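The values are calculated or read from the model by the stated rules, or taken from the named source; none is laboratory data. Note that the structure is a prediction, hence the values are computed from the model and not measured. Counting neighbours? That spans all protein chains shown, and the Cβs are built from the backbone with ideal geometry, glycine included. With ligands, DNA and RNA removed, areas are computed over all heavy atoms of the protein, side chains included. Shrake-Rupley method; radii C 1.70, N 1.55, O 1.52, S 1.80 Å.
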Amino acid sequence: SFSDGVLQRLRNHIDFYKEWRTSITESVTHLLTKPKRRDDRSGWVAMQLENPKTSMSLVFVYRLDDVSHHRNFALQGLELGRKYAVKNSDSPDDEPLILSGAQLADGGLEVNLQKRLSAAVFIVSTCD
């Protein structure tokens, strides 16, 4: 049987999927890192699911077995002059980071993952 912590985390993932499933199925995927061989567990992997109907993106970032805890990922499909709110899905009560499409496309989304073999999901939405 699973611990209470594992069960709560599983509930959180199911709730996240239920909330975002329509956007996920309507999205186009942008690979933000080069594809890797299945057995290559080094570096980072990131992809952006962009929903063209809503101008919203989900950015999935995975730190594999990499020494660096920090990486920037240039997002795609954004309107450069528009403002976007960026939230970490694990911290829904935190204030969003507000950045322009140009900042996210040129400088990239800055991601810090302190532990190897960890992941984060970011919600990027327009500030309308």
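Counting charges near HIS70 (Lys, Arg +1; Asp, Glu -1) among other residues having Cβ under 15 Å from its Cβ returns a value of +2.
Overall, the accessible surface of the chain at a probe of 1.4 angstrom is composed of carbon and sulfur to the extent of 52 percent. Taking the chain as a Gaussian network of alpha-carbon nodes connected by springs under 10 Å, the highest mean-square fluctuation of the residues GLN76, GLN48, GLN114 belongs to GLN114.
Near the amide H of TRP44, within less than 5 Å, lie the amide hydrogens of LEU64, all on another chain or at least 5 residues away, with H placed in the peptide plane.
Extending 7 Å from Cα along the Cβ direction at ARG82 and again at VAL28 yields two label points whose distance is 1.3 nm. Between LEU10 and ASP128, the FRET efficiency estimated from the beta carbon spacing at R0 = 30 angstrom works out to 0.35.
The average projected area of the range 1-53, computed from the convex hull of its Cα atoms over all directions, is 5.7 nm². Would you work out if the range 53-100 is rounded, prolate or oblate? Take a ≥ b ≥ c from the square roots of the eigenvalues of the alpha-carbon gyration tensor; rounded if a/c is under 1.5, else prolate when a/b is larger than b/c, oblate otherwise. Because a/c hits 1.5 or more and a/b exceeds b/c, the range 53-100 counts as prolate.
The residues of the chain expose, per residue, 65 Å² of accessible area to a 1.4 Å probe. Ranking of GLU95, GLU26 by solvent-accessible surface, largest first: GLU95, GLU26 (1.4 Å probe, protein heavy atoms only, all chains present). For the residues ARG38, ARG116, ARG71, a GNM of the chain with alpha-carbon springs under 10 Å puts the largest fluctuation on ARG38. Per-residue ellipticity at 222 nm from helix content only, as computed over the chain with -39500 (n - 2.57) for each DSSP H run of at least four residues, stands at -7500 deg cm²/dmol.
Measuring nothing but how far apart in sequence close Cα pairs (under 8 Å, 6+ apart) lie, relative to its length, the range 11-128 scores a relative contact order of 27 percent.
For a test of the definition: using alpha carbon positions, the gyration tensor, and the 1.5 limit on a/c, classify the chain as rounded, prolate or oblate.
oblate
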